[in-house]
Amino acid sequence: MNTRRAVILAFLVAAGILLQILESFVPVVMLVPGYKIGLANIAGLFALYAYGPKDMMIVTVCRIFLAGLLTGSLFSVGFMLSVSGAILALLAMTLAKRSGLFSIYGVSVAGAAAHSVGQVLAVTAIYQQYFMQMFLPVLLALSIVSGLLIALVTERLLKRMKHTLARSQGRRL
Amino acid sequence: MTKWDKVLIVCLMAVSALLIFPILQGQPKASQAVVSVGSEEKMRLNLNQDGTYAVNGRLGPVNIEVQDGSVRVTQENSPHHYCSRQGWVNSTAVPIVCLPNETVIRIQGEPGAEDTVIQ
């Protein structure tokens, strides 16, 4: 593995952890329990567009586990929701990117929507409370907005980091 | 933004709009609130009778108040107090959820009303 790339991936993991922890301090919307903008996904989306799906998975999985470890919520219910959302989001984003139909905005929105679905599925499975699905339409609608926001930020970042990235994009993993 | 991005976004909007309709319509008249902690049902509150109650959540006691057919959480232990900030609830479609306490308060319709098959 290219050393520059390994370093940048490590930076992305660190930035993702920071964003995730900072975000947990700011309750965004009182309306829907469990709703977050998902700022931490900037790191994952960045890795997807800078390198590829495999690197996104590395960044996101490391970020979730390390953030869980740092906040002391490893393997708690909230952590499980995060993991199940992330698995679906990673799948959706990889598929959306591979299909070649979507721009970064479509990929991000697909990921955000899949994350909501994954969370609701996990809550349903853990608590056996089927009414939780009532939050799904609201979460889905909000995830469109947050997906677009994340894509906007990531696109700007990629543009600004173009020259730094170019030197690390050589060999595959 | 490509054409497919817009298609995806419009589809998602349509799905969330369609999903919301079956939830908003046909709510039976509320009469009972079910309080559960984890997967266990702790108590059933009669909404026609005012009173205050308490259950033991994961982080301590959760105090519940019933008045005029509505229910609310008055005091509980959690990082953001979402459930007590939510205030009064009288709809069967709106549960009060306190995830840190694993406590859920759900209003049910007339007992048995939902299970009747109308022919």
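Things to note:
- Residue in the range B:15-26 that is surrounded by 14 or more Cβ atoms within 10 Å (Cβ to Cβ) and under 14 Å from the mean Cα position of the chain (by Cα) present: yes
- Of all residues in the range B:80-105, those that are buried (at least 20 other Cβ atoms within 10 Å of the Cβ) and more than 15 Å from A:Pro27 (Cα to Cα) total 9.
- Applying the criterion of being in contact with a Ser or Thr (Cβ under 8 Å, 6 or more places away or on another chain) and among the β-branched types (Val, Ile, Thr) to the residues of the range B:64-95, the residue that is farthest from the other protein chains (Cβ to nearest Cβ) is B:Val66.
- For A:Val120, the requirement of being in contact with a Lys or Arg (Cβ under 6 Å, 6 or more places away or on another chain) and not charged (D, E, K, R) is not met.
- Residue tally, condition among the aliphatic types (A, V, I, L, M) and in contact with a strand residue (DSSP E or B) (Cβ under 9 Å, 6 or more places away or on another chain), over the range A:124-168: 1
- Selection within the range B:78-107 - among the aliphatic types (A, V, I, L, M) and in a strand (DSSP E or B): B:Val89, B:Ile96, B:Val97, B:Val104, B:Ile105, B:Ile107
For every residue, the table says whether it meets (1) in contact with a Lys or Arg (Cβ under 8 Å, 6 or more places away or on another chain); (2) touching a residue at least 24 places away in the same chain (Cβ under 8 Å).
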position: A:Arg4; (1), (2): yes, yes
position: A:Leu22; (1), (2): no, no
position: A:Leu39; (1), (2): no, yes
position: A:Ala50; (1), (2): no, yes
position: A:Ser76; (1), (2): no, no
position: A:Ile87; (1), (2): no, yes
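- When A:Ile87 is tested against (1) facing another protein chain (nearest Cβ under 10 Å); (2) modelled with pLDDT of 90 or more, just one condition goes unmet, and that condition is (1).
One line per residue, one yes/no per condition, for (1) within 11 Å of chain B (Cβ to nearest Cβ); (2) at pLDDT below 90; (3) within 24 Å of B:Leu8 (Cα to Cα):
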residue: A:Ala40; (1), (2), (3): no, no, yes
residue: A:Ile58; (1), (2), (3): no, no, no
residue: A:Ser103; (1), (2), (3): yes, no, yes
residue: A:Gly106; (1), (2), (3): yes, no, yes
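- For A:Leu152, the requirement of being surrounded by fewer than 16 Cβ atoms within 10 Å (Cβ to Cβ) and either under 30 Å from B:Ile20 (Cβ atoms) or at pLDDT 95 or above (or both) is met.
- Meeting the requirement of 3 or more residues that are in contact with a His (Cβ under 9 Å, 6 or more places away or on another chain) and farther than 30 Å from B:Gly87 by Cβ, the helices (runs of 4 or more DSSP H) wholly within the range A:1-107 are A:77-99.
- Any hit, the range A:2-22, residues being aliphatic (A, V, I, L, M), under 21 Å from A:Val138 (Cα atoms) and surrounded by 18 or more Cβ atoms within 10 Å (Cβ to Cβ): no
The values are calculated or read from the model by the stated rules, or taken from the named source; none is laboratory data. Predicted, not measured: the structure shown is a model, and the values here were computed from it. Counting neighbours? That spans all protein chains shown, and the Cβs are built from the backbone with ideal geometry, glycine included.
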